[in-house]
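Have a look at this one.
No lab work stands behind these numbers, since they all come straight from the coordinates. What you see is a predicted model; the values in this text were computed from it and never measured. In this analysis, Cβ positions are derived from the backbone assuming ideal geometry, glycine residues included, and neighbour counts consider all displayed protein chains.
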Amino acid sequence: MKSSSKKATNGQVTSAIIAIAVIIGATAFAWYWIENKSTLQQETQTQELSQGEPTPIPTPTPTPTKLIHGKDTYSVGGGGSTGPSISEVSFDPLDPAIGGTQIITVKISDTSPVTSAQVNVRTDTKTTPVKLTRISGTDLGGIWEGRWVIPESYLYNYIPTVVATSDRGETSIPITIRERK
């Protein structure tokens, strides 16, 4: 007697078993990858931070004005002061990182010898005085320079004020780079 049902061949059974195994394997791999993706990212971030990388800084709100990268020079005027004339101020770099060093260079001249010069840099929560020393020229006209390490953020307030003194008086010129109103 002959049966009416069709039997699967050995090749068909083997193909079906392989297809099922591939589907199960792909599903298991996808599940493993999804479950461990966040763990792998956290481990990578932890390793980066433990190797001295800075902690990521969140973007402040509102977003601060972008600064140019590198050195920037400002031409300024005395504004009718009886003290020394301040004609040019350079910041190198204009956008230093917190903990980085910035060089401030100022051109100062007067008919009386310049006795002192400094820049008072107002940042987000403090004002830091930066003493300037003459690096070229004379006390009647020269280039003055100071270096300082950036102690904190300047995302909202970044206002250096150049102050120069001579026997004739004092000149104070603020340069507003960023200011929160």
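Go through 17-25, 158-166, 141-149 and give me the packing order, highest mean Cβ count within 10 Å leading. Walk me through the intermediate numbers first.
Details: 17-25: 10.0, 158-166: 21.3, 141-149: 16.9.
The densest-packed peptide leads the list: 158-166, 141-149, 17-25.
Please give the net charge around Asn120, taking every other residue with its beta carbon less than 12 angstrom from that of Asn120, where Lys and Arg add +1 and Asp and Glu add -1. Spell out each step's value before the answer.
On the way: positive: Arg122, Lys126, Lys131; negative: none.
Here the count lands on +3.
Taking every Cα atom in region 73-138, find the radius of gyration and the maximum pairwise distance Dmax, and write them in Å.
Just the Cα atoms of region 73-138 yield Rg and Dmax of 13.1, 38 Å.
OK, next. Relative to the present Cα-Cα distance, how much length would full extension add between Asp167 and Ala28 at 0.36 nm per residue of separation? Write down the numbers at each step before the final one.
On the way: separation 139, 0.36 × 139 = 50.04 nm, distance 8.28 nm.
In short, 41.8 nm is gained.
Based on alpha-carbon atoms only, what is the radius of gyration of region 77-181 relative to the globular estimate 2.2 N^0.38 Å?
Details: Rg = 13.6 Å, N = 105, 2.2 N^0.38 = 12.9 Å.
Output field value: 1.05.
I need Glu35, Glu152 ordered by Cβ neighbour count within 10 Å, fewest first.
On the way: Glu35 9, Glu152 12.
So the ranking, lowest neighbour count to highest, is Glu35, Glu152.
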